[in-house]
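Right, one structure below, let's go through it.
The values are calculated or read from the model by the stated rules, or taken from the named source; none is laboratory data. This one's a predicted model, so the numbers in the text were calculated from it and none came from an experiment. Don't worry about glycine lacking a Cβ; one is built from the backbone with ideal geometry, like all the others, and counts go over all protein chains shown. Heads up: the accessible areas ignore ligands, DNA and RNA and are worked out on the full protein's heavy atoms, side chains in. Shrake-Rupley method; radii C 1.70, N 1.55, O 1.52, S 1.80 Å.
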Protein chains: 2
Amino acid sequence: MRGVRGMLGRTLRAEKELPQENAMVLGTLASIRSVVPGFHVDSPLGEEGFWLTTEQVHGFHCLIVTAKADRGVLYGVFALLSRMARNEEVVALNEVQQPYAPLRWVNQWDNLDGGIERGYGGRSIFFEDGRVRTDLTLVREYARLLASIGINGCAINNVNANPRLLQEDFLPQFARIADAFREWGIRIAIAIDLSSPKVIGGLDTFDPLDPRPIEWWREKVDAIYRRIPDFGGFVVKADSEGRPGPSIYGRTPVDAANVIASALKPHGGIVFYRAFVYDHHLNWQDSKSDRAKAAYDTFHPLDGKFDDNVIIQTKHGPIDFQVREPVSPLFGGLQHTNVSIELQITQEYTGQQRHLCFLPSMWKEVLDFDLQLNRNGTPVKDVVSGKTFRRSIGGLVGVANVGTDASWLSHPLAMANLYGFGRLAWNPDLSPRAIAEEWTRLTFGSDPAVVNTICEMQVNSWRVYESYTGPLGAQTLTDILGSHYGPGVESSERNGWGQWHRADHEGVGIDRTVATGTGYVGQYSLPVAKMYESLESTPDEQLLFFHHVPYTHLLRSGKSVIQYIYDSHYEGAEHAAGNVLQWKLLRGRIDEPRYSDVLARLEYQAGHSIVWRDAVCNWFLRASGIPDEKHRVGNYPDRIEAEAMQLAGYSIVNVVPRENASGGKAIECLQPRGCKASFQFTRDAGWYEIDVVYFDQSNGDSSFRVLVCNQLVDEWVANDTLPATKIGGDSSMRRRIRGLALRPGDEIRIVGTPDMEEHAPLDYVEIHGLQK
Amino acid sequence: MRGVRGMLGRTLRAEKELPQENAMVLGTLASIRSVVPGFHVDSPLGEEGFWLTTEQVHGFHCLIVTAKADRGVLYGVFALLSRMARNEEVVALNEVQQPYAPLRWVNQWDNLDGGIERGYGGRSIFFEDGRVRTDLTLVREYARLLASIGINGCAINNVNANPRLLQEDFLPQFARIADAFREWGIRIAIAIDLSSPKVIGGLDTFDPLDPRPIEWWREKVDAIYRRIPDFGGFVVKADSEGRPGPSIYGRTPVDAANVIASALKPHGGIVFYRAFVYDHHLNWQDSKSDRAKAAYDTFHPLDGKFDDNVIIQTKHGPIDFQVREPVSPLFGGLQHTNVSIELQITQEYTGQQRHLCFLPSMWKEVLDFDLQLNRNGTPVKDVVSGKTFRRSIGGLVGVANVGTDASWLSHPLAMANLYGFGRLAWNPDLSPRAIAEEWTRLTFGSDPAVVNTICEMQVNSWRVYESYTGPLGAQTLTDILGSHYGPGVESSERNGWGQWHRADHEGVGIDRTVATGTGYVGQYSLPVAKMYESLESTPDEQLLFFHHVPYTHLLRSGKSVIQYIYDSHYEGAEHAAGNVLQWKLLRGRIDEPRYSDVLARLEYQAGHSIVWRDAVCNWFLRASGIPDEKHRVGNYPDRIEAEAMQLAGYSIVNVVPRENASGGKAIECLQPRGCKASFQFTRDAGWYEIDVVYFDQSNGDSSFRVLVCNQLVDEWVANDTLPATKIGGDSSMRRRIRGLALRPGDEIRIVGTPDMEEHAPLDYVEIHGLQK
């Protein structure tokens, strides 16, 4: 009724009996049958499926939404509302839908202090100041939103779990969250720390085979279920990135998972045991060492030993949510164990909701990937939904990390990822374009210009992001040691984290073959392994993940690897700039606040894609010594480097890594009253635009003024909140001053005033002529 | 440059010399002549006029904006920007403009505590907490805005003046305001309290003929001019509504005005002495007594005695900014004295920016009114601009009262009044429609549907407001003793304020004729007096201002006065409802925030016009005993009175005056936990909308819930900030619940929960069928 009222402005009447008039009738099959004798379903309905149909009842036209259970009716109602919202027919319906996978969960990495690990949409909707929020309005809205796309569970706290959540006084608090979710058919889980029996339980051990921790877990779980009878279970990150785990006592993940599973079992709870277990002190000098092998090496030997209410929750790729990875071989390595696939909705490595990156395009490729475990075809979607190996539970888990921002994920177009996750979990046979179109029409209405433009942007955006970050399977070439955001080509090398791309002056990529490399390829089924073992049959977009090749290696297109790296980065940055122009055509067709918000983000992305392009291309130019055939890399005729300007007060600094600033240098101002950088314009008279490339750190709000022949033409304060406290690829920003009349001999002057730790840093200025 | 950049996104180059290319050239005639030999103006330019022209200079095309002085150049630039903003031709210009009146001032009635007397647009932009604001950004924006419509002066504080403003420490503060205004060619004045020499000067008298106050004023003025060399002067409200004045010492306004004028004279300052002087303890039982006569009686005998830097500032009508008044006869009574006309932009008696009321329609009639002082025609505009009696100063003063609200006057369409005031002061020959169209295109763009709809609404809005408040010259029938907002038909009667309409059971109107009435008509020139003296020649719209007639008196249309009162109120309320429908057609053509804001106000106005309609019509029905021919007044078949519902907890209260609530009664809830009022729906099954009419006081935020057969269909909190602390015509509000399916026998229940002094008060419910 809320949905119909919001869309049509009419309040439907709620009645418990069939009225003597046309009606929409909502109810379980049993309740419909009790009032409509002879009513029956043509096809079988699963536990959560629904049927939309029409029927003459006592001479009246009834639109019937029915299902085996309440939750199915709820999903049916949302399907009906979605049709209405998208202006689709609802008069003569006959539609049965079943969810593809039984478990369709989201995880939130929320901390009790209100922050969110790898969250880019504001503060936690669940927690603040170490407690559950008093006002749970947003939690209820989130629950409704999740239910509308068929999500049936949510883990509410960071996998790097605070043991405090299991303290007795916290139970009534998270029980309130469970209450808010319950009316929308969503169960909650919490992430736990395996050392809890020791840390908060007062025991001297958390050895999973010691009877005291076993008893402790049983009592804890019983207490939770007394208050939350539909509690979902626990998420476990153990022996991973410094988290405590069973290895301390020489025990296995099986020992740890099964102890907790036993406690949950009588109540119907589940253990989501994360397969993200690896050694982050690998020996980078060992050419056989390979982080990609860790999950399979750890969990494959344990296959069949986990209890039937344990799920091994596996990231889709063997590394960590990079812009491109092959499918994790562990999905083929657990044939007697429940599994779920973990996808990341929050854009940790894919632009952090400042860049547009529509992830269903990537997920769809992952879910459709055929592991070739038998002759009938074994796509990942069938393995994780439990179909392939006839597991009773299994499904998809999305790390959502929505926050208090008005659009939940900050970028107004980013919610298409959460929507797409839910839709793929329900039906992985939907195409990314169909998903983008549904979302766009639900979110922005059905104006064809709006729908086409946004869909086109969304469906291309993942490949665009890949093309200016890390193409050919080299993974996201980002700063993996810190922000996971801007370029950081070398940050992966010469350390124990194992996200190596092994680029040197001769070539790039890791040899993961069985014959000559790390042997990772051998974790796949024979046919898949055969494909990846051979350089010839490995797809270009995965090439550098599996093979080390010289820069001159020719791709299928006949283009060399090095030229492809150059070209893809330029093409990606051009595409990002083109999105700005496309978006501007929608002015007036979208409400002004969202129009302006998206425009600002697309303009930022266009600028930052140039930072990426230049950093990656210059790094590879320096490493390979092979020039760009098109003479772009290293040649910037429209650019005036700040370090080449006439400086008053400003001093020149070297930027590390050098490719993260143009020319490897920038200028900084340490004079509290400000500094000047100026140069003379020498080109023809005409209309121009000036891009000022500066750095905006989070630890100061410098201000800038730009003058042409003493006339102020622009001023701004660098007060964005980028993930950076120093000059570099994370903090680089582009300010475009449009429509300037310039004459040869004009002096262009930039006046920067520092603030706190941010020293009004400047990289360069670029001047472009405008068409008349 | 700011204007062009904002509109076109291009930053023009500022150069001091003529460039060797096409250019816009701005400068005084002298400066243009110095670079363009032989340049001359075809027609004479006054002190503030300007010329837009084009000229070939050294072979280049130049668009020249020139004037005798800087201020004229500024006005020329704004005229050029306005053309650009309205998509008009700017290539081949040859346009000379001169302002009609030399003084084009606004007054602000701002108090030092930050409040604004009769201000409906937020807090003061000048003052807060007894001081001038630290941040004067809004003052600078206001100055730019005023300059753009040719305003050249602003009095910055309430005419009910705080003497503190003249204390020594305050001078540096308001000098900052003068500095902010100066760059936009605007002088400031301050309103003063005549008793200042005594109250803050430490003297024992402020007798204007005593040498000590004379000396005090001279020193005070000299000090001001040392800091503010272009200070404009003083505004004086004296011997009026309790303000001290020369009458205390038996002196005249001439004595008081001239003393201050002498102090200002050497510096070029002006005294704006307000003619709003009247006795508010009139004897209402004396049929000769008449407040309308006061200004003329006081000031006409003093004509010719004021110094030449004194202006008598006279409200446009003889009473006080009512929705309809005749022109003040004082404009004809001061032929040897400088005068200015005071118009009210802030909608004190015309809906307080909650109702749409475009006042240029009214002002245009006032300015065009021919006082017939000589045979050539003497329209008010010529008298006040100084033309008729060849006065060197004179002009128009608008009481603006903008505030900190984002749209300055709160209602997004209300700024058309300030715009229109400036445009009429510049050129009173502009039509109200032309002004409305200029403003709309500048404010909302040139979409014809938007321009036509808004213009049509604006130009009709004054007559619409008049029609449902006080037609036929009866003045605004509002609560004149308090809010000046909602209906208060009898508030004007039987008290000394003299805003009487003299309605009783036989007739209505004041006899102001010479022959049988108060004699007011005799203050006009003979031809005008002749027109108003006769019932036959008095225009219907002024009828009741000049004559007392029986309700059965027939108007020119053949309709009786009483039926006209009924009909006009119904027509006005229908028109207000029609505006809502018109506005809804603009959805998507106007940015959402302004669209929604205006829609909410138009919906409120439609509801409140019904409150007005019913209050006035029922009062006259009761007074006259003559029923409405169309059987509407007193008959409300769709209405269910709250006092007739089944009540649980609620108690019935009498409303005073009784016509300000339907049926004279309402219900209130004194139970903290809430009360219920319910009734049974008895009409046919179908789609309906329900209007719940309740009261929203400013001293509490009650909440309401509406249920149909136990189903919640709407809920809201009564938290608007209307000018009312009790039940009545000021606080009456209408909540419309749209699109409800109702069936005979349905129970409709309203649950009200009181808060503080507001007792969840309800008046009635009205149910309307919806077309299918």
*Go through region A:349-460 and tell me which helices (runs of 4 or more DSSP H), entirely inside it, have 1 or more residues that are under 14 Å from the mean Cα position of the chain (by Cα), closer than 30 Å to A:THR337 by Cβ and in contact (Cβ under 8 Å) with a residue 60 or more places away in the chain.*
A:360-368, A:415-426
*All but one of (1) crowded, with 20+ Cβ neighbours inside 10 Å; (2) more than 25 Å from the chain's Cα centre (by Cα) hold for B:SER247, so report the exception by its number.*
(1)
*Tell me, please, whether a residue that is in contact with a helix residue (DSSP H, G or I) (Cβ under 6 Å, 6 or more places away or on another chain), more than 21 Å from B:VAL139 (Cα to Cα), open to solvent by 20 Å² or more (accessible area, probe 1.4 Å) and of a type outside the set (Phe, Trp, Tyr) can be found in region B:185-199.*
yes
*Which residue pairs have Cβ atoms closer than 8 Å, lie 6 or more positions apart in sequence or on different chains, and pair a first residue in region B:202-220 that is more than 18 Å from B:VAL271 (Cβ to Cβ) with a second residue that is surrounded by fewer than 17 Cβ atoms within 10 Å (Cβ to Cβ) and charged (D, E, K, R)?*
B:LEU203/B:ARG212; B:THR205/B:ARG212
*From the list A:ARG104, A:ARG86, which residue is among the basic types (Lys, Arg), more than 29 Å from A:HIS484 (Cα to Cα) and touching a helix residue (DSSP H, G or I) at 6+ places or on another chain (Cβ under 7 Å)?*
A:ARG86
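When you look at A:PRO360, is it more than 21 Å from A:VAL106 (Cβ to Cβ) and not hydrophobic (A, V, I, L, M, F, W, C), yes or no? Working first, answer last.
Details: more than 21 Å from A:VAL106 (Cβ to Cβ): no; not hydrophobic (A, V, I, L, M, F, W, C): yes.
No, not satisfied.
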*In region A:692-703, which residue that is open to solvent by less than 30 Å² (accessible area, probe 1.4 Å) and part of a strand (DSSP E or B) is nearest to the other protein chains (Cβ to nearest Cβ)?*
A:VAL692
*Can you name the number of the only condition in (1) within 29 Å of B:ASP540 (Cα to Cα); (2) at pLDDT 95 or above; (3) in contact with a strand residue (DSSP E or B) (Cβ under 7 Å, 6 or more places away or on another chain); (4) not in a strand (DSSP E or B) that B:ALA261 fails?*
(1)
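Condition test on B:CYS669, is it farther than 19 Å from B:ASN618 by Cβ, more than 14 Å from chain A (Cβ to nearest Cβ) and surrounded by 14 or more Cβ atoms within 10 Å (Cβ to Cβ)?
Numbers: farther than 19 Å from B:ASN618 by Cβ: yes; more than 14 Å from chain A (Cβ to nearest Cβ): yes; surrounded by 14 or more Cβ atoms within 10 Å (Cβ to Cβ): yes.
Considered against the rule, which asks whether it is farther than 19 Å from B:ASN618 by Cβ, more than 14 Å from chain A (Cβ to nearest Cβ) and surrounded by 14 or more Cβ atoms within 10 Å (Cβ to Cβ), B:CYS669 comes out as yes.
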*Considering only region B:346-361, how many residues are surrounded by fewer than 24 Cβ atoms within 10 Å (Cβ to Cβ) and within 17 Å of B:CYS455 (Cα to Cα)?*
1
*asked:* Checking the structure you have, find out if any residue of region A:138-151 is buried (at least 19 other Cβ atoms within 10 Å of the Cβ), in contact (Cβ under 8 Å) with a residue 24 or more places away in the chain, small (Gly, Ala, Ser) and at positive phi.
replied: yes
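To keep it simple, each residue is scored yes or no on (1) closer than 17 Å to B:THR476 by Cα; (2) in contact with a His (Cβ under 7 Å, 6 or more places away or on another chain); (3) open to solvent by less than 20 Å² (accessible area, probe 1.4 Å).
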site: B:TRP497; (1), (2), (3): yes, yes, no
site: B:GLY507; (1), (2), (3): no, yes, yes
site: B:GLN523; (1), (2), (3): no, no, yes
site: B:GLU533; (1), (2), (3): no, no, no
*Name the one entry in B:GLU571, B:GLU541 that is open to solvent by 80 Å² or more (accessible area, probe 1.4 Å), within 28 Å of the chain's Cα centre (by Cα), closer than 26 Å to B:CYS617 by Cα and touching a residue at least 24 places away in the same chain (Cβ under 8 Å).*
B:GLU571
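Can you go through A:GLU766, A:GLU689 and tell me which one is within 14 Å of another protein chain (Cβ to nearest Cβ), assigned to a strand (DSSP E or B) and under 37 Å from the mean Cα position of the chain (by Cα)?
Working: A:GLU766 fails: within 14 Å of another protein chain (Cβ to nearest Cβ).
Criteria check complete, one pass: A:GLU689.
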*Just name the residue that is most open to solvent (accessible area, probe 1.4 Å) out of those in region A:35-54 that are modelled with pLDDT of 90 or more and of a type outside the set (Phe, Trp, Tyr).*
A:GLU47
*Would you kindly identify the helices (runs of 4 or more DSSP H) lying entirely within region A:1-101 that contain at least 1 residues that are without any contact (Cβ under 8 Å) to a residue 24 or more places away in the chain and more than 14 Å from every other protein chain (Cβ to nearest Cβ)?*
A:29-35, A:70-85
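Would you check if B:PHE272 is under 21 Å from the mean Cα position of the chain (by Cα) and at pLDDT below 95? Don't jump to the end; show me each part of the working.
Numbers: under 21 Å from the mean Cα position of the chain (by Cα): yes; at pLDDT below 95: no.
No: the conditions fail for B:PHE272.
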*Report the residue count in region B:675-687 for those that are under 25 Å from B:GLY663 (Cα atoms) and open to solvent by 20 Å² or more (accessible area, probe 1.4 Å).*
5
*Evaluate region B:382-390: report whether one residue or more is open to solvent by 10 Å² or more (accessible area, probe 1.4 Å) and within 23 Å of B:ARG324 (Cβ to Cβ).*
yes
*Pairs under 7 Å by beta carbon, first residue within 10 Å of another protein chain (Cβ to nearest Cβ) in region A:588-608, partner assigned to a helix (DSSP H, G or I) and open to solvent by 60 Å² or more (accessible area, probe 1.4 Å), six or more apart or different chains?*
A:ASP591/B:GLU592; A:GLU592/B:GLU592
*Residue that is more than 14 Å from chain B (Cβ to nearest Cβ) and out of contact with any Phe, Trp or Tyr (no Cβ under 8 Å at 6 or more places or on another chain), where the choices are A:TYR566, A:TYR570*: A:TYR570
*State all residues of region A:721-763 that are away from chain B (no Cβ under 13 Å), touching a strand residue (DSSP E or B) at 6+ places or on another chain (Cβ under 7 Å) and basic (Lys, Arg); if no residue qualifies, say none.*
A:ARG734, A:ARG735, A:ARG749
*Is region B:330-346 home to any residue that is in contact (Cβ under 8 Å) with a residue 60 or more places away in the chain and assigned to a loop (DSSP other than H, G, I, E, B)?*
yes
_Answer residue from region A:710-720, given it is open to solvent by 60 Å² or more (accessible area, probe 1.4 Å) and either touching a residue at least 24 places away in the same chain (Cβ under 8 Å) or within 13 Å of chain B (Cβ to nearest Cβ) (or both) and is nearest to A:ILE667 (Cα to Cα) among those_ = A:GLU715
*Of the residues that make up region B:651-662, is at least one open to solvent by 60 Å² or more (accessible area, probe 1.4 Å), of a type outside the set (Val, Ile, Thr) and within 14 Å of chain A (Cβ to nearest Cβ)?*
no
*Working only within region A:314-348, note down all residues that are over 12 Å from the mean Cα position of the chain (by Cα) and hydroxyl-bearing (Ser, Thr, Tyr).*
A:THR314, A:SER328, A:THR337, A:SER340
